[in-house]
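The structure appears below as structure tokens.
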Amino acid sequence: MQVLYGRHHVRVFRFGLRLVRDEQIAEDLISEVFLDVWRQAGKFEGRSAVTTWLLAITRFKALSALRRRKDVGLDDETANAIEDTSDDPEVVAQKKDTGEALRKCLTALSPDHREIVDLVYYHEKSVEEVAEIVGIPENTVKTRLFYARKKLAELLKAAGVERGWP
Amino acid sequence: MMAASKKMLDREPSEIEMLLPFHAAGTLSARDARRVEDALAGDLELARQYAVIREEYAETISLNESLGAPSARAMQKLFAAIDGEPVRKPSLSVSLSARISEFFSRLSPRTLAWSASLGAVALLLQAGVIGAVLMKNQTASFQTASLSLNEPSSGPITRDLSASAAPTRALVRFAPEARIADITALLDTYQASIVDGAKGGMFRLQFRAMGKDEAAALLARLQREKIVSLAVATP
């Protein structure tokens with residue numbers, strides 16, 4: 001378990017953090033995810049990569065955590081901890097830093113779009129693996145990513161950043 | 001320009017276009033990667049979009065890498081939770097064999113050696129007892145392998161040797177000069193054994209079962225032995 005944890009905990013943490021946007025919750029997610037893995041190790045059939053399995057569990061736990069947080073309601077402290085990125089791209093674009101603007105716009109994407117962009121670009125998951133993690137058809141994976149990129153282009157355009165596409 | 005961009009955003013993406021991000025991440029199959037490469041080589045618009053995708057790809061990695069790593073608290077919490085989990089019971093067979101091997105591994109080599117010796121003695125004793133019981137209950141009989149149709153089929157067909165073929169016995173007096181070695185050699189020659197002690201200087205010898213004539217011939221031959229002074233038939 002220590003080897004598995006050592007190898008994958010950062011990846012799990014980052015994926016979880018991008019979904020829940022709260023470090024404390026993301027850290028709690030890690031222990032929940034690996035505890036589940038420890039309990040269900042016998043059920044892992046080896047048909048998919050370990051990281052695909054881990055990310056699928058992380059996603060499920062993150063969505064559950066988000067639902068719990070919505071049920072409880074946001075207190076002031078939690079609300080302050082969540083980064084407000086709605087107007088950041090414009091501010092950043094004024095600095096003419098396309099890279100930073102891109103990163104800010106990536107943060108401003110919807111949870112569905114964020115997770116698919118992260119899974120494909122950062123976690124380097126194939127169409128089939130993303131479909132398995134998110135639980136959607138493979139064609140939906142492709143179209144969802146395309147529309148996530150379209151949304152990203154719109155956000156950048158709104159911030160005054162031209163990239164030559166679309 | 002704005003109108004053209006809006007038009008591009010509104011149109012449905014092509015199959016190749018949707019594969020571009022996966023090509024940038026290197027997760028396409030060899031066949032799809034070749035298709036994308038071929039399309040990129042002949043389509044400037046697609047190549048421009050691919051350059052944008054490469055930029056998105058790099059910045060997504062940069063963004064995720066900037067998120068840092070979790071604190072040690074997460075690991076402590078996990079392993080504390082694992083320690084608090086109930087011990088999982090292995091299957092019965094595994095448990096039993098594990099317990100047996102654990103028991104033997106706890107014994108010292110000396111104890112193990114003594115236990116093995118004790119086990120061997122117990123086995124020998126058991127074999128002796130079984131053998132004695134069998135010998136006691138066994139009559140001198142044998143069972144035929146074939147079955148005659150004339151015989152009653154209620155039980156095994158046996159012939160009792162003890163009733164019809166009694167061993168031949170003789171009373172023998174040995175010559176005073178006979179040595180033990182001579183007597184032993186004679187017993188070997190005749191395949192005989194002494195079944196009764198020297199009463200009045202006579203030994204009762206037992207031979208294999210034989211007919212009347214053969215027994216008489218045997219006695220005559222025995223009588224002619226140098227170390228035998230007297231040999232007479234006896235029941």
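Which is at pLDDT below 85 and in contact with an Asp or Glu (Cβ under 8 Å, 6 or more places away or on another chain), of A:ALA81, A:ALA108, A:ALA93, A:ALA65? Explain how you work it out, then say what you get.
On the way: A:ALA108 fails: at pLDDT below 85; A:ALA93 fails: in contact with an Asp or Glu (Cβ under 8 Å, 6 or more places away or on another chain); A:ALA65 fails: at pLDDT below 85.
After applying the criteria, what remains is A:ALA81.
I want to confirm something. Restricting to segment A:149-160 and keeping residues that are facing chain B (nearest Cβ under 9 Å) and surrounded by 15 or more Cβ atoms within 10 Å (Cβ to Cβ), which single residue is farthest from B:GLU12 (Cα to Cα)?
First, pick out the residues of segment A:149-160 that are facing chain B (nearest Cβ under 9 Å): A:149-150, A:152-154, A:157.
Narrowing further to those that are surrounded by 15 or more Cβ atoms within 10 Å (Cβ to Cβ): A:149-150, A:152-153, A:157.
Values: A:ARG149: 13, A:LYS150: 11, A:LEU152: 17, A:ALA153: 16, A:LYS157: 20 Å.
My answer is A:LYS157.
Being facing chain A (nearest Cβ under 8 Å) and modelled with pLDDT under 90: is that true of B:LEU19 here? Break it down stepwise before answering.
Working: facing chain A (nearest Cβ under 8 Å): yes; modelled with pLDDT under 90: no.
No: the conditions fail for B:LEU19.
Restricting to segment B:182-196, give me the number of residues that are outside any helix (DSSP H, G or I) and surrounded by 13 or more Cβ atoms within 10 Å (Cβ to Cβ).
First, the residues of segment B:182-196 that are outside any helix (DSSP H, G or I): B:191-196.
From what's left, surrounded by 13 or more Cβ atoms within 10 Å (Cβ to Cβ): B:192, B:194, B:196.
Of the residues in segment B:182-196, 3 are outside any helix (DSSP H, G or I) and surrounded by 13 or more Cβ atoms within 10 Å (Cβ to Cβ).
Every residue, every condition in (1) aliphatic (A, V, I, L, M); (2) at the interface with chain B (Cβ under 9 Å from one of its Cβ atoms), yes or no:
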{"residue": "A:GLU100", "(1), (2)": "no, yes"}
{"residue": "A:ARG103", "(1), (2)": "no, yes"}
{"residue": "A:THR107", "(1), (2)": "no, yes"}
{"residue": "A:SER110", "(1), (2)": "no, no"}
{"residue": "A:ARG114", "(1), (2)": "no, no"}
{"residue": "A:TYR122", "(1), (2)": "no, yes"}
{"residue": "A:LYS142", "(1), (2)": "no, yes"}
{"residue": "A:LEU145", "(1), (2)": "yes, yes"}
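Residue-wise test of (1) modelled with pLDDT of 85 or more; (2) closer than 27 Å to B:THR234 by Cα; (3) over 37 Å from the mean Cα position of the chain (by Cα); (4) in a strand (DSSP E or B).
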residue: B:ALA132; (1), (2), (3), (4): no, no, no, no
residue: B:LYS136; (1), (2), (3), (4): no, yes, no, no
residue: B:ALA145; (1), (2), (3), (4): no, no, no, no
residue: B:PHE203; (1), (2), (3), (4): yes, yes, yes, yes
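The values are calculated or read from the model by the stated rules, or taken from the named source; none is laboratory data. Computed from a predicted structure; not experimentally measured. Every residue, glycine among them, receives a Cβ derived from its backbone with ideal geometry; neighbour counts consider all protein chains shown.
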